[in-house]
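J.: One structure is given below, represented as structure tokens, and several questions about it will come after.
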Amino acid sequence: MSKTIFDRSEPLVICLGEALVDRLGPLGGDPAVDQPVEDCLGGAPANVACGLARLGTKVAFLGRLGDDAIGTSFRELLEDRDVNLSGLQIDRLRPSRIVLVRRDFHGERVFQGFAGDRGKGFADQALSLEELALAWPALAAKARWLLIGSIPLATTASAKALLWCVDQAQKAGIEVALDVNWRPTFWDPDHSPDSGPDEKTLEAISSLLDCASLLKLAREEAVWFFNTDDPAAIARSLPQRPDVVVTDGALPVRWCIGGCVGEIAAFAPPSVVDTTGAGDAFSAGLLHQLLMASPSHRDPIKVREMVRFAAASGALVCGGAGGIDPQPSQLQVEAFLESAAGAVS
């Protein structure tokens, strides 16, 4: 596939947060002990940045990696995707993070812990506000979206950097897209991978909810934070009335975008190797579509087509290992949608 070519110097989207390795265990096995394992570059914000670049949107990644082989691989990958790396930080003391991903026999995954820590934590936990502030002005010059998740809030240094960026984005009129992306093991490695947030964590993450113009939630996250999975009800509960999308794995996607509400069935992937990164590809697809659409022309039909494009982007990622390598181009998404339309006509 040909490389996307564009001027990456002034990104339209800034993705801030973690870049890490997903260590995938064999189907049904334990990645900590069973072989073979497969290491895939990932991390939600890095996934979204790569997905946007593959689709043709100018994007920057703000994050911190170790001065190690993982960091080198990430720099090479992001440069190859034409992602702006002027805000990338390199940590000389802490390693890049490795996440152990257990997969069942259907490819569904659970994040069960970490590997690689040498006693000082991981590079992404030490995201430096001082370095970030130096890079921010040039990156924000033409940016229209800041994409964030909740994981940086789990550590003091990265939380400080994240909240500063959100504040700067709001002052500059840059819209904030928040994918809550609740991962309990990032907050406490001893937490069960399927446990919900405690009261302290709910309060910390809630500080971001009032800042979001676009809020993407898994159904269980919607219930934890809002006691409902109704996107319109969630939008009404927040003062800024954000656009809200609620996903539920293979079940229908629901939304309230620009006042338009709707629901579509999730696309069945052509094949399922690994579901890691499907939600991030969805986010990339939706942001890509929002950037191309005028806010004044978000009629129900147009919004539905935007969500279909995002859902197709997510489905196509499931056909390969990891959240980045299988990401589709715009032409591939369009071909998939044409094929899906033909199958039901």
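J.: Could you tell me which residue out of GLY279, ALA321, PRO300 lies farthest along the dipole of segment 261-345 toward its positive end? Charges go on the beta carbon: Lys and Arg +1, Asp and Glu -1, centred on the Cα centre.
T.: PRO300
J.: In terms of the ratio Rg/(2.2 N^0.38 Å) built on C-alpha atoms, what value belongs to segment 28-105?
T.: In units of the 2.2 N^0.38 Å rule of thumb, it is 1.23.
J.: Okay, moving on. Quick check on the chain: what are the equivalent-ellipsoid semi-axes from the Cα gyration tensor, as sqrt(5λ), descending, whole Å?
T.: Square roots of five times the eigenvalues give 27, 24, 21 Å.
J.: Report the Rg/Rh value for segment 203-345, based on alpha-carbon coordinates and the Kirkwood definition of Rh.
T.: We get a ratio of 0.97 for segment 203-345.
Every number in this text was worked out from the coordinates using simple rules, so none of it is lab data. Just so it is clear, the structure is predicted and the values come from calculations on it, not from any experiment. Cβ: placed from backbone, ideal geometry, glycine included. Neighbour counts: every protein chain shown.
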